[in-house]
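These notes are about the structure you will find just below.
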Amino acid sequence: MDQAPSERLLFWAPSKMSCRIAQIHKVSSHSEVYEPCDDSFALVDALLADRTNLLEHKPTLCLELGCGSGYVITSLALMLGELPGVHYIATDVNLHAVRVTRETLQAHNVHADVIATDLASGLDSRLAGLVDVIVVNPPYVPTPDDEVGQEGITSAWAGGVDGRAVIDRILPVVDKLLSDRGWFYMVTLTSNNPLQICRQMKAGGYASRIVVQRSTEEESLHIIKFWRDSGDPMCKKETATLKKTSSGKVMDSVLSQIHRLPFWKKVESND
Ligand SMILES: C[S@@+](CC[C@H](N)C(=O)[O-])C[C@H]1O[C@@H](n2cnc3c(N)ncnc32)[C@H](O)[C@@H]1O
């Protein structure tokens, strides 16, 4: 569907990048589907900040768990568009989100298999050890445990005690799916205790680094990248990149400075 220019989200428009990925159009929405927000933007900025590495990494299979509107998986597919033969899969437990994601992908001429399921249920045996990139913006808001997994929009943000109920289910799924050279990017909130998550992952053999850290009025977000600390050449490359880019301190994405127009708020819902 064509959108008026005022209804476009100019979420990212650096001069070196293709115009094709400078805009994600809102083509579909639903009152029970999570609208892209600061956390979604921070995750895409983290992927953009790591885009050169991702292109060199040449993933063959990329997966998003909890795709919501499709903003993140569509952005990823567009930013890796020059790589041949990459397959994308996105899942969400919310059927409306599955529909909205399909429509967002289609409107941007990119393809992903979008599957309605709980995390990666039904896929995990087939995809075990095969996924090169996993991205997740999980429900991370601290809530009472009984709010987790409720129908509708609540399941987009309700994260249980410390916001960890869904995150703690995601980590073993990722461990099962990720290939030996796989990279995993996840949004966390300070209340989720990201340090403890990194320690837990380290005990399972993963190295990590913060790709983007961002504070809003309401929350402080970290986008953390994990990879198997195995001595693999890509692992060595990741470590080298870390030394080059972070110099021992948290790296914030310059892309975070780019102004965003609130396009997603302007289009009528397709309920
Ligand atoms: C914070 S929203 C993020 C949406 C989108 N990825 C983004 O960044 O804009 C979390 C998403 O995870 C989905 N979700 C929650 N629990 C899930 C589960 N157990 N399995 C699959 N998806 C789930 C929600 O429906 C929601 O779309």
Using only the Cα atoms of the stretch 185-226, what are the Rg and Dmax in Å? 10.3, 35
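Sorted by packing (mean other beta-carbon atoms within 10 Å per residue), highest first, where do 28-39, 178-189 land?
Numbers: 28-39: 19.8, 178-189: 22.5.
Order by mean packing, descending: 178-189, 28-39.
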Could you sort 42-51, 166-175, 210-219 so that the peptide with the highest average Cβ count within 10 Å comes first and the rest follow in order? 42-51, 166-175, 210-219
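If I stretch the segment between N109 and L195 completely, what's the gain in nm (0.36 nm per residue apart, minus their alpha carbon distance), one decimal?
Details: separation 86, 0.36 × 86 = 30.96 nm, distance 3.83 nm.
Between N109 and L195, full extension yields an extra 27.1 nm.
Readers should treat all values here as calculations from the given coordinates under stated rules, not as data from a laboratory. Note that the structure is predicted; figures quoted are calculated from it, not measured. Heads up, the Cβs are rebuilt from the backbone with ideal geometry, glycines too, and the neighbour counts pull from every protein chain shown.
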